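Asker: Got a structure for you, questions after.
Here, each number is a calculation from the coordinates, and none is a lab measurement. Since the structure is predicted, the reported quantities are computational estimates derived from the model, not experimental observations. Neighbour counts are summed over all protein chains in view; Cβ atoms, including those assigned to glycine, are modelled from backbone coordinates with ideal geometry.
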Amino acid sequence: MYLRFRNSELSPPKSDSTYEELYRQIHGKLPEEIKPKNKPSFKIQIYLVRSQWINGKPKQIYIGALANVKIYIDENNKMILAEEFWTEIIARLNSFDILRDKQKLLIDKIEMYLAMKGIIIVKY
């Protein structure tokens, strides 16, 4: 049993003046005036899967989703994960009857994955 991660990447803001001029001509205002810039964010999905051999080939068998959240990043490149994020993951692991020692390993892997993204994780 292991984790599978899927996430959307941060997209750079558009800085194409042609786009902005066309947008202004069509709508009468610049895009920032109509729709203020959102905070940078990305979406992360964490799945619990297991490997199984089917017809002589390894296949990933989906067990369930642990998290499907949108995470916002502040100007200091810090991501603050609320306590609800971790309690939700632990509750989902408990619902799949995962033992405590295995839960600790899976949570450590989640923290390692998020740290690999280059974002500081702050738990409070």
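Asker: Once amide H atoms are placed 1.01 Å from N in the peptide plane, what residues at a sequence separation of 5 or more from MET79, or on another chain, have their amide H within under 5 Å of its amide H?
Answerer: ILE120, VAL122
Asker: Please arrange MET112, MET79, MET1 by counting, for each residue, the other beta carbons lying within 10 Å of its beta carbon, fewest first.
Answerer: Taking fewest neighbouring Cβ atoms as first place, the list is MET112, MET1, MET79.
Asker: ³J(HN,Hα) across region 58-64 via Karplus (A = 6.51, B = -1.76, C = 1.60, θ = phi - 60°), whole Hz, x for Gly/Pro?
Answerer: These are the phi-based 3J(HN,Hα) values: x, 10, 8, 9, 6, 9, x Hz.
Asker: Given H placed on each backbone N at 1.01 Å, which residues far from ALA67 in sequence or on other chains put an amide H within less than 5 Å of it?
Answerer: ILE46
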